[in-house]
Structures are given as C-alpha cells and as structure tokens.
Amino acid sequence: MSTVSNPKRTPMFRLLTIASSGLGSFVLGLWGLKLGLGDGFAGISTDMMVAVMAALCALAASVAAMSFFAGVDESVDFVFTETHFDKLTGLLARPAMVGKIAEAACSTSRTGEPMFLIDIDIDRFKQINDAIGYSQGDELIRAFTKRLKTCMPQRALIGRIGAGEFAILLPDNQVSG
C-alpha cells in the first residue's frame with residue numbers, strides 16, 4: 001500500500017466551502033432586507049418569497065455542514081494508513097505487525113497450524129545511519145525492504161518494527177525447501 005501524506009480534502013478546502021456557503025446565506029438575507037418583499041417580486045407572493053429564501057438559506061447551511069463532515073471517511077482512512085503502515089517503506093508498522101502476530105498466535109493455538117515468525121535486525125544500523133547520514137540510511141532501508149519483498153513468498157506479512165528491525169510472519173504451508 002502506498003504511503004499517504006494527507007486526506008483528499010484539505011482543511012483549507014473545507015473552510016472555503018463552509019465560508020462560501022455561509023456567505024451565500026448572508027447575501028440572501030441582506031438581499032431580502034434591502035429590497036424588502038412588499039407585495040412580492042416578479043409575480044411571486046411575499047409568503048412564497050420568504051419560503052424560497054428560507055429554503056435557500058437552509059440549503060446553504062446544510063451544504064456547509066455536509067462539507068464539514070464530507071472528509072470524515074477520508075480522515076478515518078488517513079489515520080488508519082498513518083498508524084498501520086510505515087511511511088518510509090510502506091510495510092506494516094509496529095502496532096499493526098504486533099496485532100497480526102497476536103492474531104497468528106491465537107489462530108495457531110486454535111487450529112494447531114504452525115506459523116513462522118522471523119525477526120531480522122540490521123546490525124549496527126544506528127552507527128551506519130550516523131556515519132552515512134539519515135537520508136542515505138533511509139535509502140538503505142528502502143533497498144533492504146525491496147530485496148526482502150522479492151525474497152519472501154507473496155503471502156508473507158512483513159513489518160518494520162524498529163529503525164533497522166523487521167518482522168516476517170509466514171504460514172507453515174508457505175515455506176518450501
């Protein structure tokens with residue numbers, strides 16, 4: 001899964017939508033006050049004009065409310081992605097991987113089918129990172145991740161659980177040789 005940097009609708013977009021809806025309601029109200037309704041307008045009775053203006057104001061207010069809440073699902077997706085996937089590698093993040101390991105442990109105790117849990121730690125990664133710089137360390141992690149994905153079976157769950165530490169969860173039936 002690709003990394004995500006922000007929800008599809010930015011807070012500025014939401015603010016502008018709410019502001020324009022509110023401004024529309026305000027302008028309609030001023031128009032009604034300035035022109036007055038008198039005996040009506042263009043053959044439309046005063047009561048009908050009031051009803052139309054009230055409906056338009058309500059519509060503008062509901063559009064503002066819908067705009068405010070329209071991004072809720074997107075925000076949920078954003079939070080899920082941010083908490084379950086590592087930004088640098090796209091692998092499962094530590095909390096998500098711990099959850100998958102717990103699920104596998106429960107499944108194994110229930111069914112008796114074994115799972116393999118492989119822990120891979122890049123030796124002295126902190127020293128390597130300090131020596132070559134963090135951007136180069138990030139490149140090293142990306143390259144390692146790419147190689148790890150190509151070496152593991154398709155159904156293997158791979159997670160980054162530390163700076164230079166990875167966990168692989170593999171069902172027994174996926175191991176060959």
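The values are calculated or read from the model by the stated rules, or taken from the named source; none is laboratory data. Keep in mind that what you see is a predicted model, and the values were worked out from it rather than measured. Every residue, glycine as well, gets a Cβ built from its backbone with ideal geometry; the counts of neighbours run over all protein chains shown.
Scanning region 156-171 for residues that are part of a strand (DSSP E or B) and closer than 21 Å to residue 90 by Cβ gives 157, 158, 159, 160, 165, 166, 167, 168, 169, 170.
Looking across region 135-159, the residues that are touching a helix residue (DSSP H, G or I) at 6+ places or on another chain (Cβ under 7 Å) and surrounded by 17 or more Cβ atoms within 10 Å (Cβ to Cβ) come down to 137, 156, 157, 158, 159. Can you report the number of residues in region 141-155 which are part of a helix (DSSP H, G or I) and either in contact with a Cys (Cβ under 7 Å, 6 or more places away or on another chain) or over 16 Å from residue 90 (Cβ atoms) (or both)? Counting residues in region 141-155 that are part of a helix (DSSP H, G or I) and either in contact with a Cys (Cβ under 7 Å, 6 or more places away or on another chain) or over 16 Å from residue 90 (Cβ atoms) (or both) gives 1. Filtering region 133-177 to residues that are farther than 19 Å from residue 100 by Cα, without any contact (Cβ under 8 Å) to a residue 12 or more places away in the chain and among the basic types (Lys, Arg) leaves 146, 147.
Taking region 160-173 as the range and being farther than 23 Å from residue 82 by Cα and exposed (fewer than 14 other Cβ atoms within 10 Å of the Cβ) as the test, the residues that pass are 172, 173. Among the conditions (1) modelled with pLDDT of 95 or more; (2) more than 17 Å from residue 169 (Cα to Cα), residue 145 misses just one, which is (2). Tallying residues that are β-branched (Val, Ile, Thr) and exposed (fewer than 13 other Cβ atoms within 10 Å of the Cβ) within region 122-134 yields 1. Of everything in region 79-100 that is surrounded by fewer than 17 Cβ atoms within 10 Å (Cβ to Cβ) and aliphatic (A, V, I, L, M), the residue that is modelled with the lowest pLDDT is 79.
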